[in-house]
Each structure stands twice: as C-alpha cells, then as structure tokens.
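Colleague: Structure in structure tokens, see below.
The values are calculated or read from the model by the stated rules, or taken from the named source; none is laboratory data. Keep in mind it's a predicted model, so treat the numbers as computed, not measured. Glycine gets a Cβ as well: all are built from the backbone with ideal geometry, and neighbour counts include every protein chain shown. Accessible surface is based on the protein model in full, side chains and every heavy atom, while ligands, DNA and RNA are left aside. Shrake-Rupley method; radii C 1.70, N 1.55, O 1.52, S 1.80 Å.
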Amino acid sequence: MRIDILTILPRLLDGPFADSILQRAQEKGLCEIRIHNIRDYSTSRQKQVDDYQFGGGAGMVMMIQPIADCIESLQKERAYDEIIYLTPDGERLQQSVCNGLSLKKNLIMICGHYKGIDQRLRDHYVTKEISIGDYVLSGGELAAAVLVDSIIRLIPGVMNDETSALTDSFQDNLLAPPVYTRPAEYNGWKVPDILLSGNTPKVEEWRMEQSIQKTQQRRPDLLDNLDV
Ligand code: ADE
C-alpha cells in the first residue's frame, strides 16, 4: 500500500511514522508513506497556500491551486483508490472504515488547516471525508496519523501475531476483555483463577462474558449491531 499525505506542516508527521509498527511496516516494504509539502506546489511568488474567504468572515481558506496541482501530479504516476480529506465534518472513523481502507492500494490524504480547504477541492477531487471524532484539532495532520496507524496495522504481515488485530476492541462490535500477565499475584491482587486453569474453552467463554459485560456498561450502543 502507498499513502501520500498532503500537508502544510510536514514536520508534524516526522514522528508518528518513524517508530515501532509503522516503521517496521515500511522497512518490510508492506507500505510506503510519502509526505508532500503543499507549499512546494504553490505557483505564487510568495508560495501562498491560503487566502481570505469570499463573502467575508474570520479565518483563512486553503487555496485550490497548490492542492489540485499536487493531487494531479500524483495521479499522473498512479491511480488512487481514494482521496481522503481529514475534517471534523466528515464521516466519523470507525473500525469498519479502517478495515475497508486497509484493502486499498493507493491512498491520498489531505490535511486541512484554518477554516479548511476550498470547497471545489472537496467537490471535484475528494472521494471520502473522515473525522476522527467529535472535537476540533488545530489541523488534519494528527488525524491523518491516527488514520494511517489504524489502517497499516491491519495489513497482513505488519503485526507479529497475525490474529491479534482480529481480537481488538471493535472488530466484532465488542470491547476487548481484561488481560493479565505475570506475576499471578502482586500486592495480594490476584489474576482470575480461570485464566490459570489451562482450560481454553472456559477461558474463551470467560473472555466473551467479560467483553459483553464491559460493552454493556461502557458502550451499550455497540450492542445494537452485535451478531452473536
Ligand atoms: N481536523 C480538525 N479536526 C479534525 C477531526 N476531528 N478529525 C479529522 N480531521 C480534523
């Protein structure tokens, strides 16, 4: 998979992809992440990327030309499955969206700032608009990092234990059960006996019960979509 990220603050994205799972995924050749500075595509002498909004009002708008030229230069090289705009008024990100995007080959992500990008970019280039939650960030970069992380870890071969992405919270609309590791007792706090029993079917039954109980308490809305 290849992901091209368009931003006016490329340094914000230096960190998230340089470590751990995302770094290994790139080293193994399972994904390629390219960061593009939108300013490099501006044809104006001052390398302008934003301007006042028509109709008046506070806040700048990211201009169409630099972003359109960047997208078109990328499209000349390869076909893109989705052009995603990270925005608080987009579709709220959930695991099913991540699962779908992890099957794609080439993605573009556009990070907005200020009042956002010129609507014509959204009308003519963007194919998917995603929000990572009902709150407003100062720009789309951190949202893009969240989206990339949630997608890349699902690509086969990226995680060491192939099954572990499947048992995450949300994969089956249930929150994950509690987990424990050694020692079996610490400060008098004991690990539940069932987990030490070696009885795998009973352990699985306990985990399912715990998952359902936790979901009922914390996210009853998820149980509406449950098929068990
Ligand atoms: N840009 C600013 N806030 C955002 C959010 N919540 N999700 C995606 N992009 C954003």
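Colleague: Have a look at Asp19, Asp193, Asp172 and tell me which one the Gaussian network model of the chain (Cα, springs below 10 Å) gives the largest fluctuation.
Modeller: In the Gaussian network model the winner is Asp193.
Colleague: Between Gln65 and Leu9, how high is the FRET efficiency from 1/(1 + (r/R0)^6) when r is the Cβ-Cβ distance and R₀ = 30 Å? Nearest 0.05.
Modeller: The pair Gln65/Leu9 has a calculated efficiency of 0.95.
Colleague: Give me the percent of accessible area attributable to carbon and sulfur for the chain, probe 1.4 angstrom. List each step's numbers first, then the result.
Modeller: Numbers: 6660 of 13570 Å².
Whole-percent figure for carbon plus sulfur exposure: 49.
Colleague: Apply the Karplus curve 6.51 cos²θ - 1.76 cosθ + 1.60, θ = phi - 60°, to the phi angles in region 93-102 and return the couplings in whole Hz, x for Gly and Pro.
Modeller: 5, 9, 3, 4, 5, 4, 4, x, 5, 5
Colleague: Name the residues whose placed amide hydrogens come within less than 5 Å of the amide hydrogen of Cys31, ignoring near sequence neighbours (fewer than 5 apart) on the same chain.
Modeller: Under 5 Å from the amide H of Cys31: Gln26.
Colleague: For Met60, enumerate residues with amide H under 5 Å from its amide H, sequence gap 5+ or separate chain, H modeled in the peptide plane.
Modeller: Residues meeting the criterion, in which the H sits 1.01 Å from N, are Lys115.
Colleague: Quick one: if the Förster radius is 25 Å, what FRET efficiency do Glu205 and Gln171 give, using the C-beta to C-beta distance and rounding to 0.05? Numbers along the way, then the final one.
Modeller: On the way: r = 19 Å, r/R0 = 0.74.
Efficiency, from the Cβ-Cβ distance: 0.85.
Colleague: Please list, short to long, the whole-number percent of alpha-carbon pairs of the chain in consecutive 10 angstrom bins beginning at zero.
Modeller: Here the calculated profile for the chain is 7, 26, 29, 20, 11, 6, 2, 0.
Colleague: Related question: In Å², and per residue, what accessible area does the chain have when probed at 1.4 Å with the other protein chains present? Walk me through the intermediate numbers first.
Modeller: Numbers: 13570 Å² over 228 residues.
Result: 60 Å² of accessible area for each residue.
Colleague: Quick check for me: using +1 on Lys/Arg Cβ and -1 on Asp/Glu Cβ, what's the dipole size of region 157-228 about its Cα centre, in debye to the nearest 20? Provide the component values of the computation, followed by the final result.
Modeller: Values: 7 positive and 12 negative charges, 72 e Å.
I would put it at about 340 debye.
Colleague: Which of the DSSP-defined H helices in the chain satisfy a minimum axial length of 18 Å, computed from C-alpha atoms, and a minimum mean Kyte-Doolittle hydropathy of -0.5? Intermediate results must be reported in sequence, preceding the final value.
Modeller: Values: long enough: 64-77 (20 Å, -0.16); 200-218 (27 Å, -1.86).
Span-like helices, by this rule, are 64-77.
Colleague: Could you pull the Rg and Dmax for region 148-228, using just the Cα atoms, both in Å?
Modeller: 15.0, 41
Colleague: May I ask for the net charge around Asp89, where only other residues with Cβ less than 11 Å from the Cβ of Asp89 are counted and Lys, Arg are +1 while Asp, Glu are -1? Present the calculation step by step, with values, prior to reporting the outcome.
Modeller: Working: positive: Arg92, Arg122; negative: Glu91, Glu129, Asp134.
Net of charged neighbours comes to -1.
Colleague: Same structure, new question: With the chain treated as a Gaussian network of Cα nodes joined by springs under 10 Å, which of Arg78, Arg34, Arg45 yields the largest mean-square fluctuation?
Modeller: Sorting by GNM fluctuation, first place goes to Arg45.
Colleague: Kindly state, to the nearest 0.05, the FRET efficiency for Leu30 paired with Arg78, given R0 = 22 Å and r defined as their beta-carbon distance.
Modeller: 0.80
Colleague: Also, I was wondering about something else. Only Cα pairs under 8 Å and at least 6 apart count here; give the relative contact order of region 2-152 as a rounded whole percent.
Modeller: Values: 253 pairs, mean separation 44.7, N = 151.
Averaging sequence separation for qualifying contacts and normalising by length gives 30 percent for region 2-152.
Colleague: Right, here's the next one. Cut-off 10 angstrom, C-alpha nodes, Gaussian network model of the chain. Which of Ser20, Ser131, Ser169 fluctuates the most?
Modeller: Between Ser20, Ser131, Ser169, it is Ser20 that shows the largest mean-square fluctuation.
Colleague: Find the relative contact order for region 107-188 and round it to a whole percent, using C-alpha pairs within less than 8 Å whose residues are 6+ positions apart. Walk me through the numbers before you get to the answer.
Modeller: On the way: 32 pairs, mean separation 18.1, N = 82.
Result for region 107-188 is 22 percent.
Colleague: Additional query: How do Trp206, Trp189 rank by accessible surface area computed with a 1.4 Å probe, from largest to smallest?
Modeller: Numbers: Trp206 40, Trp189 170 Å².
Ranked list, largest accessible area first: Trp189, Trp206.
Colleague: Using a simple spin-label model with points 7 Å from Cα along the Cα→Cβ vector, what separation in nm is obtained for Gln46 and Gln23?
Modeller: The modelled label-to-label distance comes out at 4.0 nm.
Colleague: Given +1 on the Cβ of Lys and Arg, -1 on the Cβ of Asp and Glu, and no further charges, what dipole in debye does region 90-228 carry about its Cα centre, rounded to the nearest 20? Don't skip to the end; give the middle numbers.
Modeller: Numbers: 15 positive and 19 negative charges, 66 e Å.
Dipole of region 90-228, to the nearest 20 debye: 320 debye.
Colleague: Could I ask something else about it? Share of antiparallel DSSP beta bridges in the chain, in percent to the nearest 5? Walk me through the intermediate numbers first.
Modeller: On the way: 6 of 28 bridges.
Bridges in the chain that DSSP calls antiparallel: roughly 20 percent.
Colleague: Where the centroid of each part is defined by its Cα atoms, how far is region 4-62 from region 90-168 in Å?
Modeller: 14 Å
Colleague: Based on Cβ point charges of +1 for Lys and Arg and -1 for Asp and Glu, what charge dipole magnitude is obtained for region 2-152 about its Cα centre, in debye rounded to the nearest 20? Intermediate values should be presented prior to the final figure.
Modeller: Numbers: 17 positive and 21 negative charges, 51 e Å.
With Lys and Arg at +1 and Asp and Glu at -1, about 240 debye.
Colleague: Relative contact order of region 167-225, please, whole-number percent, based on alpha carbon pairs below 8 angstrom and at least 6 residues apart. The partial results should precede the final answer.
Modeller: On the way: 37 pairs, mean separation 24.6, N = 59.
Relative contact order here is 42 percent.
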